Amino acid sequence: MICKNLSVNNDGHLTLSGVDVVELAQKYGTPLYIYDENRIRERCRTYVDAMRKAFGDDALPLYASKAASFKQIYRIIGEEGMGTDLVSSGELYTAASVGFPLEKAYFHSNNKTDFDIAYAIDEGVGYFVVDNVEELDAIDRIAGERGVNQKVLLRITPGIDPHTYAAVATGKVDSKFGSAIETGQAEQISKYATELKNIELCGFHCHVGSQVFDSDVFIRASEIMLDFVALMKKKYNFDTKILDLGGGYGVRYLKEQPEIDIAANIHEVASFMKAHCEKLGIEMPAIRMEPGRSIVADAGLTVYTAGTVKRIPGYKNYVSVDGGMADNPRYALYGSPYTICLANRMNATVPTFKCTIAGRCCESGDLIQENVTLPGDIKRGDMIAVLTTGAYNYSMASNYNRLGKPPVIMLRDGRDYIAVKRESLADICKNDI
Ligand code: LLP
């Protein structure tokens, strides 16, 4: 199994955190997102502990909300002492509505609207991670109107290619995010920020990409960022209080992929950074990291009911499920790999039936995965589980074809509870006039 929270019980059913996935599917219906709360907490603790040990007590991991944002997630990460990275008023509203301590919230995005800025300031957001000059001016103006001195970090593009898939590589000079060091714009915007009356520049942020396995990427990014911190000290006598290294640690979607030892990795990055700070003669800033995927991905899975099994002799086989790109657009968008299994018959004969798992939306690209091998007697009513769907599935889900979003069921110490209800038919048109 690709994660230790998965197993098979005596009935040959898949279990997550010891709970029978098939029974949950029968109880709540399919498609169904299931999350193992204990696993989420374990991952939070790994980051909180590792960062404190490696960087000191002022270090803080920020959960990247975009990976999965709903009320219960903020309760969990809040209890675990994490901060959070938000990118919209909607994510902020969700966090605020369960009392998440917003002084530990960092508002990102490459295009914050005036509404976002005003709303976040009024709610007491801790920091904005500012992308560009227009935004800096808008925050200065809106903070000024409220008599607030707003703390910000600046998003800097270190100019690194992390060798992940193009859609999630963000640290290159030509990225839509941030200001590049190479072009001189990072220095310009930093100097400008220090001159604004209603802005307190606290430091810098970078994020090089997502689903990154190579720890060297974080070391190279931190080296470039510390060099920038040293330049700002030397040239402008600016003291960087916070350095945010972004998110990006990869997770295991397939057996062939490695499992990253997060704590060892953080330790490695910290050792390098300490030595580099010494070499540059600067103080180590308080460090932030923004893990999203690696907090929630392998805590989650999706269960579907198989419908049509279509054999096109000499061509291809399809197994259609009762969900698809509306609840998981990642294969359609990025060709993302997933491990798929027959949840109700895990011990069935050696799988030999090569097929494509197709969704139920009205377009050919609505696929969950191609080249999957399942038992040849797969039939309507069987239950198909797609593993490692805890990140960027619920959060990227849509109502395409007016499909309702599946519910989110959480498991805590062997008990299941609803974190997000299934969208009903009435919910689908609740805003229609
Ligand atoms: N911080 C920033 C500024 C980010 O842009 C991201 C992800 C993260 C943190 C969290 O990265 P993580 O630890 O989750 O890798 N929809 C894509 C992923 C987009 C990631 C965008 N930014 C997917 O489904 O693979």
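The values are calculated or read from the model by the stated rules, or taken from the named source; none is laboratory data. Computed from a predicted model, the values in this text were never measured in an experiment. Glycine gets a Cβ as well: all are built from the backbone with ideal geometry, and neighbour counts include every protein chain shown.
In segment 358-398, what residues are closer than 30 Å to Y63 by Cβ and among the small types (G, A, S)?
G359, A385, G390, A391, S395, A397, S398
When you look at V350, is it of a type in the set (A, V, I, L, M) and surrounded by fewer than 20 Cβ atoms within 10 Å (Cβ to Cβ), yes or no? Step through it out loud before you land on a result.
Working: of a type in the set (A, V, I, L, M): yes; surrounded by fewer than 20 Cβ atoms within 10 Å (Cβ to Cβ): yes.
For V350, the condition - of a type in the set (A, V, I, L, M) and surrounded by fewer than 20 Cβ atoms within 10 Å (Cβ to Cβ) - is met.
When you go through (1) under 30 Å from the mean Cα position of the chain (by Cα); (2) surrounded by fewer than 22 Cβ atoms within 10 Å (Cβ to Cβ) one by one for A391, which number turns out not to apply?
Unmet condition: (2).
Counting only residues that are in contact (Cβ under 8 Å) with a residue 24 or more places away in the chain, surrounded by fewer than 24 Cβ atoms within 10 Å (Cβ to Cβ) and farther than 24 Å from A221 by Cβ, how many does segment 271-319 have?
The number of residues fulfilling the criteria is 8.
Select from segment 122-148 the residues that are aliphatic (A, V, I, L, M) and touching a strand residue (DSSP E or B) at 6+ places or on another chain (Cβ under 6 Å) and write down the one among them that is farthest from R288 (Cα to Cα). Outline the logic, then answer.
We begin by selecting, within segment 122-148, every residue aliphatic (A, V, I, L, M); these are 125, 129-130, 133, 136, 138-139, 142-143, 148.
With the extra rule that they be touching a strand residue (DSSP E or B) at 6+ places or on another chain (Cβ under 6 Å), the set shrinks to 125, 129-130, 136, 139, 143.
Numbers: V125: 16, V129: 12, V130: 15, L136: 21, I139: 22, A143: 24 Å.
Per the stated criteria, the residue is A143.
Quick check on segment 193-212. Is at least one of its residues within 16 Å of the ligand (Cβ to nearest atom) and part of a helix (DSSP H, G or I)? Steps first, answer last, please.
Here is the first cut: in segment 193-212, the residues within 16 Å of the ligand (Cβ to nearest atom) are 203-212.
With the extra rule that they be part of a helix (DSSP H, G or I), the set shrinks to none.
No, there is no match, as no residue in segment 193-212 is within 16 Å of the ligand (Cβ to nearest atom) and part of a helix (DSSP H, G or I).
Looking for whichever is modelled with pLDDT under 90 and within 30 Å of Y334 (Cα to Cα) here; the options are T170, T157. Which one fits? I'd like the intermediate steps shown before the answer.
On the way: T157 fails: modelled with pLDDT under 90.
When all the criteria are applied, what remains is T170.
Failed condition for T302, given (1) farther than 27 Å from K4 by Cβ; (2) more than 9 Å from the ligand (Cβ to nearest atom); (3) under 19 Å from the mean Cα position of the chain (by Cα), with all others met?
It is condition (1) that T302 fails.
Where in segment 80-160 are there strands (runs of 3 or more DSSP E), lying fully within it, with 1 or more residues that are buried (at least 20 other Cβ atoms within 10 Å of the Cβ) and of a type in the set (F, W, Y)? Steps first, answer last, please.
On the way: elements: 83-86, 105-107, 127-130, 150-157.
Passing ranges, in order: 105-107, 127-130.
Could you please find all residues in segment 50-80 being touching a residue at least 60 places away in the same chain (Cβ under 8 Å), closer than 28 Å to I34 by Cα and of a type in the set (A, V, I, L, M, F, W, C)?
A50, L60, L62, A64, A67, A68, F70, I73, I77
List every residue pair whose Cβ atoms lie under 6 Å apart, where the two residues are 6 or more positions apart in sequence or sit on different chains, the first residue falls within segment 102-116 and is over 10 Å from L86 (Cβ atoms), and the second residue, located anywhere, is among the small types (G, A, S) and within 13 Å of the ligand (Cβ to nearest atom).
From segment 102-116, the pairs are K104/G83.
Is it the case that N401 is more than 16 Å from the ligand (Cβ to nearest atom), in contact (Cβ under 8 Å) with a residue 60 or more places away in the chain and more than 30 Å from R43 (Cα to Cα)?
Values: more than 16 Å from the ligand (Cβ to nearest atom): yes; in contact (Cβ under 8 Å) with a residue 60 or more places away in the chain: yes; more than 30 Å from R43 (Cα to Cα): yes.
Judged against the criteria, N401 is a match.
Considering (1) within 16 Å of the ligand (Cβ to nearest atom); (2) more than 30 Å from G324 (Cβ to Cβ); (3) assigned to a loop (DSSP other than H, G, I, E, B), say which one G247 fails and leave the rest.
With respect to (1) within 16 Å of the ligand (Cβ to nearest atom); (2) more than 30 Å from G324 (Cβ to Cβ); (3) assigned to a loop (DSSP other than H, G, I, E, B), G247 is out only on (2).
How many residues, within segment 34-69, are crowded, with 20+ Cβ neighbours inside 10 Å, not acidic (D, E) and not in a helix (DSSP H, G or I)?
10
Mind checking whether some residue in segment 315-337 is within 19 Å of the chain's Cα centre (by Cα) and among the charged types (D, E, K, R)?
First, the residues of segment 315-337 that are within 19 Å of the chain's Cα centre (by Cα): 325-337.
From what's left, among the charged types (D, E, K, R): 327, 330.
Scanning segment 315-337 turns up at least one residue that is within 19 Å of the chain's Cα centre (by Cα) and among the charged types (D, E, K, R).
Kindly indicate whether any position in segment 161-181 is over 26 Å from the mean Cα position of the chain (by Cα) and in a helix (DSSP H, G or I).
No.
Can you tell which of D382, D427 is surrounded by 13 or more Cβ atoms within 10 Å (Cβ to Cβ) and over 26 Å from G18 (Cβ atoms)? Outline the logic, then answer.
On the way: D382 fails: over 26 Å from G18 (Cβ atoms).
Going through D382, D427 in turn, just one is surrounded by 13 or more Cβ atoms within 10 Å (Cβ to Cβ) and over 26 Å from G18 (Cβ atoms): D427.
Quick check on this structure: which one of S294, S271 is modelled with pLDDT of 95 or more and under 18 Å from the mean Cα position of the chain (by Cα)? Even if it seems obvious, please write down each step before you answer.
Details: S271 fails: under 18 Å from the mean Cα position of the chain (by Cα).
Only one candidate passes the filter, namely S294.
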